[in-house]
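Written out below as structure tokens is the structure these notes cover.
Just so it is clear, none of the values below were taken in a lab; they were calculated from the coordinates. Because the structure is predicted, anything quoted here is derived from the model rather than measured. Cβ atoms come from the backbone with ideal geometry, glycine included; neighbour counts cover every protein chain shown.
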Amino acid sequence: MTVLSGKELPRDGVKLSGEALHYRLDKTWSRQPGLWGWLSTVDHKEIGRRYIITAMIFLALGGLLALAMRMQLARPESGLIDPDRYNQIFTMHGTTMMFLFAVPVMEAVAVYLIPLMLGTRNIAFPRLNAFSYWIYLAGGILLWVAFVLDIGPDAGWFAYVPLSGPEYSPGKRTDVWAQMVTFTEIAALAVAVELVATIFKQRAPGMTLARMPLYVWAILITAFMVIFSMPAVTLASSFLLADRLVGTQFFNPFERGDALLWQHLFWFFGHPEVYIIFLPATGFVSQLTETFCRRPVFAYSAVVIALVSNGILAFGLWVHHMFATGLPRLGYSFYTAASMAVSIPTAIQIFCWITTMWLGRPRFDTPFLYVIGFVVTFVIGGLTGVMIASVPLDLQLHDTYFIVAHFHYVLIGGAVFPLLGALTYWFPKITGRMMSEVIGKVNFWMIFLGFQIAFFPMHISGIMGMPRRVYTYPAGLGWETTNLISTVGAFVVALAVLLFVLNAVTSLFRGRIAGPNPWDAAGLEWATSSPPPAYNFAHIPLVSSRTPLWDERGHLPVVTGLRVDDRELLLTSVLDARPDVREPSPLPTIWPLLAALATTAMFVSSMFTPWAVVIGSLPVAAALIFWFWPKEPGLPPEPVIE
Amino acid sequence: MMLQPRFTDDLATLPTTAFSHRSLTWWGVLAFFLIEGSAFALAFASYFFLMNHEQGWPPPPWSPPDLLAGTLFTIVMLLSEIPNSMLKHAAEHGQLKKVRAGLLIIVAIGVLLMVLRIFEFASLNVLWTDNAYGSIMWALLVLHLAHFLTDWVDSCVLAALMHTEHGIEKRRFVDVSENAMYWRFVWLTWLPIYVMVYWLPRWIP
Amino acid sequence: MRRLLPGLAAVALVACEGRQSVTGGDGLHSGQFNSLFLIFLLVTAFFYLLVIAFLVAAVVRRRGRAEDRPEKSGGEGGFRLILIGWVALVALGLTGLTAASYFSDAAAGGARPANAIRIAVTANQWWWDVRYLDPVPANTIRTANELHLPVGVPVHIQLKSNDVIHSFWVPNLAGKQDLIPGRITDITLIPRKEGLYRGQCAEFCGLQHAHMALDVTVEPMETFEAWRRSQLRPAPPPATPLAVTGYNYIMTQECSACHNISGTPASGQVAPDLTHIASRRSIGAGTFPMSRGHLYAWIADPQSAKPGNHMPYVGLEPHELHGVVAYLETLK
Ligand code: HEA
Ligand code: HEA
Ligand code: CUA
Ligand SMILES: [Cu+2]
């Protein structure tokens, strides 16, 4: 067997550095220009950006639906929207926000940031990453095209059977919903796998687990939660589709099925899902607090333990969504206790952030304002969560606007505020330009106050007995005022979101040039230029603390020796990040897109005939085989058998 | 202002492939095990959930599935671990000839298993449309079949690949080793399903 | 606090009014709700204040400037102790709340009293079928979209659904309980205060989930007994010529296929019982208050105010409509 020596291949190092290195790496790592290159790219930054923008578009779409609902609910007995449309609208709003905005946007930001924070050149399994984006996009388009064609789902974002079953939801509406779930779950699971592999194996040398930025920890835990929880909803929606399309009886109580099986499966996913949205947001908060308070977050290990226990406990609470179904009381007490217990990790994190502010010197740039807005708002939502974890209280408040208030406080206060802060914070990294501070501050106050105006009154509507998911309500029950105020607030929030978009777009062209590290932050993502080059880092950084850029003023220690004529990454050992393997990283290819198209064709046609699964799997398999079949002919210029 | 690099180690001598947890794909495959493992676990939970509020299992007047096809399937599946282990060992030691042969054997066993699986469906004594009991029995078999088919197709592709010029690359041996690991997952998950589909309906009055 | 104070005030405010309010406290269990809610409100408000006070103090203590160098960790020893104290405090608070919740629940989940009135409620898309059970089958009464309850007497309600999941909820009297097809659930109420209350279906059940209300009248025992006796009476024969037209129409046309009117040939079972329709407070499960005008509106076109409900547009001639309404109005 021929053994080629690898010594003569071009590598980065003392001899190859600076401009010359940039030229070589850029040639290796950048993609073809033009449409083809755009469609076949596997660069995590490009895909992450696309993912973020798509998710933000879904936020705007979901938000516009929210405005429609608020218009309808502004007055009692309003005839603006008929019940059929309204039911589609609130289902689309919840579904879009949860499946197409909140979870994807959190994963999208991670896809962009994690490789940069870890000091690596690309995400693990970058083609899977491209596939994930296309599948997600297809799922979103499917849902919205269906909605425009008046076949939007109308059974609520958790689609309880039997209402969503074959008998009470004839037509294609629920099939669209269930298939959209399949699409987004595949996409989310794929990203979770990439993130786990990237975080475990691609950290810069020296970045032991205990030196990972807290955001990376949050994403690691989140990825595991995705892995353990999303199969539940995939299984549930498959059962539902089977009931609807091939006549199985899983949920049919008259053929030994059980309607509650759906609720258990759905919430076994649904509860972890809310932490899948929330934990990455806590990661943002940790990073922002560190940078703007000018010191590492207090009690790193306590925060990590909090994240881990949050992730574990989240799997023991799902029944708190089902208190009114009449399961045995004793069982309920367990879920109350577990729901209470999950507050402790959150309480720890909140304490650690505020202590960091206390010990540090907070700087009130826009991103940090969002952190403060987050604490002020989220804690209210968390505390109402504790209220409804109590069975006697929840039996009254369940399915009222009090719940709607709770979850918007935690979702918007707990996830969207940190997200907006994070986008403002990393915007210079992504685009090379700063967002306007002045507009940013106005923007913050608008969304913060608008939010309280819109959602605080919902607590009161709920206590006054207003159920959720009603397309109208009678006058005279005292709900008119609070609803009108909510509507006004919703429009303020909408203006604020619009302002954010405007600020981002104008800053893209006119913003101040940022430079690599405009906030003087500590993480590796700030060690490379803004926006980063296709290969992320000219040399792989070497890490010896949790805050590398603060501890290594002036110089960045690096390791060298990766090939520059081929895409190569560094794999390090799982616990202590010792350099271990030089791993080739895949080239751009069109096959992920084609595989996604084949998968889409299979799923969409399976709504019409079950045979589509059989026939449609052939092109999918073909596309996957082409995708994985090695392209480089002959021997690689590396030793083949060591 | 960009930070200036300070050069430390040179890693040019690191290997470009490694087996087991040192390989990236291994972690990917592991993550997929976890995903699929949770799907199986939840399907099992659904089975017990549905069983829980029945007076009998199978609910009368249905009779339990016939044992022959499923038991044969189990035996073949378990025996297949012998060539599978040999294949994995061969891959990890770079023995190309043995790997080629081993893959072909696994593919052939797969065909046999597929035939048995068809008979299994026929011996369930219930249709998926009859009731939820029938639905979950079919679901377990179909879910397992899906994994089994995935691995079988993967084995076919690898068998073809190892017979081409790509077969000599070390990465491909890692792939074969990981494929063998997946096969273990497929038969490991089968064991509880075998008990649930064929034996629990006999043991539970 | 800024937001909790008005919250508290609002709770106090809405506690006194409202026929569909969770703080009404007009039933045994919903009375416990108020005290439990207050406990939760105070404890959570305390923790909220603590967090906000700490936050404000932390951010105003030392303002950062753009040129600040980052600091090393350290100088935080005391805070580790405080963190432990905080966790202990939170754990204590949560234990207290869990215990309060548990005992309140245990008190509410008491045994079903033997002297309870037994009622069976069956939910349909989108109306409530109500039966007062009696050991003597002839004494069973059937009505729809309304409950009459004697004050102070426990009522045990058995809950079933004919189609999808609904939820039985009369907030002034008690928390909710789902009605799930294929299962039988139940709830026990003990109304404490006379009054007119409103219940509403609380689980999304399709197109007209918004119009699935339930009128509840809590009254003295004597009034209740009088009501019960009146409900046992079959419908009187039509007295005026106009009512006779209506009567004939109902008995010979569609209506009788779906609706039951005791004492007449109309014996449909898939729609609300109309034997005493005119004695109810509302039409179409709370869609309209009961009045002649609304009866007209409903029968002329049930689909306009409650689109999608399962009563079809029938298209009566004007004189038939007059007759039907006139007859229905006699069904007290
Ligand atoms: C980001 C998302 C998010 C987050 C983080 C949470 C957090 C929590 N949620 Fe929430 N929840 C949702 C999103 C979220 N939720 C959604 C979307 C729904 C509705 C789904 C639907 O029906 O459509 C829902 C519904 C929901 C229900 C079901 C209500 C019903 O339908 O009847 C319950 C019941 O227990 C609940 C409880 C909790 C609890 C206990 C927490 C806890 O994790 C909160 C912990 C945090 C704190 C408590 C604050 C900080 C702690 C302190 C300051 C310490 C001091 C506190 C005390 C001593 C009390 N949530
Ligand atoms: C992260 C998730 C998320 C977010 C951000 C929101 C945001 C909002 N939600 Fe949402 N909501 C849910 C998740 C979310 N919601 C869920 C899960 C449900 C349950 C659904 C169900 O019951 O099934 C729900 C239900 C729900 C209801 C209850 C409906 C019902 O029960 O009948 C209401 C009612 O007011 C409401 C209102 C709002 C409002 C006013 C906003 C606002 O904050 C929205 C603000 C944003 C905008 C208004 C967008 C502005 C955009 C533009 C102005 C265009 C920009 C232009 C360009 C890009 C060019 N929501
Ligand atoms: Cu019945 Cu909602
Ligand atoms: Cu939950």
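Report, in debye and to the nearest 20, how large the dipole of the protein assembly as shown comes out about its Cα centre when Lys and Arg carry +1 and Asp and Glu carry -1 on their Cβ.
Values: 80 positive and 79 negative charges, 519 e Å.
For the protein assembly as shown, the charge dipole is close to 2500 debye.
Using the Cα atoms as the points, what is the convex hull volume per residue of the protein assembly as shown in Å³?
Expressed per residue, the convex hull around the Cα atoms of the protein assembly as shown is 169 Å³.
With all distinct Cα pairs included, what does the Kirkwood hydrodynamic radius of chain B come out to in Å, to one decimal, could you say? Please list the in-between numbers first.
Details: mean 1/r = 0.0521 Å⁻¹.
Over chain B, the inverse of the mean reciprocal pair distance is 19.2 Å.
Using alpha carbons only, how many degrees (0 to 90, rounded to 10) separate the axis of helix A:480-510 from the longest principal axis of chain A?
Result, in degrees: 20.
So for each of A:480-493, C:198-211 I average, over its residues, the number of other beta carbons within 10 Å; can you give me the resulting order with the highest mean first?
In decreasing order of mean packing, A:480-493, C:198-211 become C:198-211, A:480-493.
For residue B:182, what is the net charge nearby, where nearby means another residue's Cβ is under 11 Å from its Cβ and Lys, Arg count +1, Asp, Glu -1?
Computed value for this residue: -3.
Once phi is turned into θ = phi - 60°, what whole-Hz ³J(HN,Hα) does the Karplus curve with 6.51, -1.76 and 1.60 give for every residue of the range C:186-200, x standing for Gly and Pro?
7, 8, 10, 10, 10, x, 10, 9, 5, x, 9, 10, 10, x, 8
With axes computed from alpha carbons, what is the tilt in degrees of helix B:170-194 against the longest principal axis of chain B, rounded to the nearest 10 within 0 to 90?
Taking the Cα atoms of chain B, the angle to B:170-194 is about 20 degrees.
Out of B:93, B:187, B:109, whose Cα points farthest toward the positive end of the dipole of the range B:59-205 (charges: +1 Lys, Arg; -1 Asp, Glu; placed on Cβ)?
Checked the options; the winner is B:93.
Have a look at B:88, B:97, B:170 and tell me which one the Gaussian network model of chain B (Cα, springs below 10 Å) gives the largest fluctuation.
In this elastic network of chain B, the residue with the biggest mean-square fluctuation among B:88, B:97, B:170 is B:97.
Rounded to the nearest 500, what is chain B's calculated 222 nm mean residue ellipticity when only DSSP H runs of at least 4 contribute -39500 (n - 2.57) each, over all residues?
-23500 deg cm²/dmol
Which semi-axes, in whole Å and largest first, does the equivalent ellipsoid of the range A:1-135 have when worked out from the alpha carbon gyration tensor as the square roots of 5 times its eigenvalues?
49, 14, 12
Looking only at Cα atoms, what is the convex hull volume of chain C per residue, in Å³?
190 Å³
How much net charge surrounds residue C:323 when only other residues with a Cβ under 15 Å from its Cβ are counted (Lys, Arg +1; Asp, Glu -1)?
Taking every Cβ under 15 Å from that of residue C:323, the sum is -3.
Specify the inter-centroid distance of the range A:461-499 and the range A:359-426, based on alpha-carbon positions, in whole Å.
Result: 19 Å between the Cα centres.
Bin width 10 Å, origin at 0, all Cα-Cα pairs of the range A:421-495: what percent of pairs per bin?
18, 35, 22, 15, 9, 1
Among all helices in chain C defined by DSSP H, which have a length of 20 Å or more along the axis from Cα atoms plus a Kyte-Doolittle mean of at least 0.0?
Long hydrophobic helices here: C:28-61, C:77-108.
When chain C is treated as a GNM, springs tying every alpha-carbon pair under 10 Å, which of C:56, C:43, C:130 comes out with the largest mean-square fluctuation?
Checking each option, the largest mean-square fluctuation is seen for C:56.
Whole number please: convex hull volume per residue, Cα atoms of chain A, in Å³.
On the way: hull volume 104.4 nm³, N = 642.
Hull volume over Cα atoms, normalised by residue count, gives 163 Å³.
Quick check for me: using +1 on Lys/Arg Cβ and -1 on Asp/Glu Cβ, what's the dipole size of the range C:241-328 about its Cα centre, in debye to the nearest 20? Show your work: numbers first, answer last.
Values: 4 positive and 5 negative charges, 66 e Å.
It works out to roughly 320 debye.
How long is the range C:241-328 along each principal axis, judged by its Cα atoms, biggest number first, in Å?
Sorted from largest, the Cα extents of the range C:241-328 read 28, 27, 23 Å.
Could you work out the equivalent-ellipsoid semi-axes for the range A:329-460, taking the square root of 5 times each eigenvalue of the Cα gyration tensor, largest first, in whole Å?
Equivalent-ellipsoid dimensions as semi-axes: 32, 18, 11 Å.
Which one of A:108, A:382, A:562 has its Cα pushed farthest toward the positive end of the charge dipole of chain A, where Lys and Arg give +1 and Asp and Glu give -1 at the Cβ?
A:562
Work through the residues other than residue A:182 whose Cβ is under 14 Å from its Cβ and net out their charges, Lys, Arg +1 and Asp, Glu -1.
Here the charged neighbours net out to -1.
Skipping prolines and chain starts, which residues have an amide H placed within reach, meaning under 5 Å, of the one on residue A:583, given they are 5 or more residues away or on another chain?
Here A:569, A:570, A:571 satisfy the definition.
Compute the long axis of helix B:68-79 from its Cα atoms, compare it with the longest principal axis of the Cα atoms of chain B, and write down the angle in degrees, 0 to 90, nearest 10.
That works out to roughly 20 degrees.
Picking from B:87, B:24, B:103, which is most flexible by a Gaussian network model of chain B using Cα springs under 10 Å?
Sorting by GNM fluctuation, first place goes to B:24.
What number does the range C:117-232 give for Rg over Rh if you use C-alpha atoms and the Kirkwood radius?
When Rh is taken as the Kirkwood radius, the ratio is 0.95.
So what is the 222 nm mean residue ellipticity for chain C from helices alone, if each DSSP H run of at least 4 adds -39500 (n - 2.57) and you divide by all residues, rounding to the nearest 500 deg cm²/dmol? Present the calculation step by step, with values, prior to reporting the outcome.
Numbers: 9 runs with 132 residues, N = 332.
It lands at -13000 deg cm²/dmol.
Sort out for me the Cα centre separation of the range C:175-197 from the range A:573-629, rounded to whole Å.
If you average the Cα positions of each part, the centres end up 52 Å apart.
Could you tell me which residue out of C:269, C:294, C:311 lies farthest along the dipole of the range C:241-328 toward its positive end? Charges go on the beta carbon: Lys and Arg +1, Asp and Glu -1, centred on the Cα centre.
C:294
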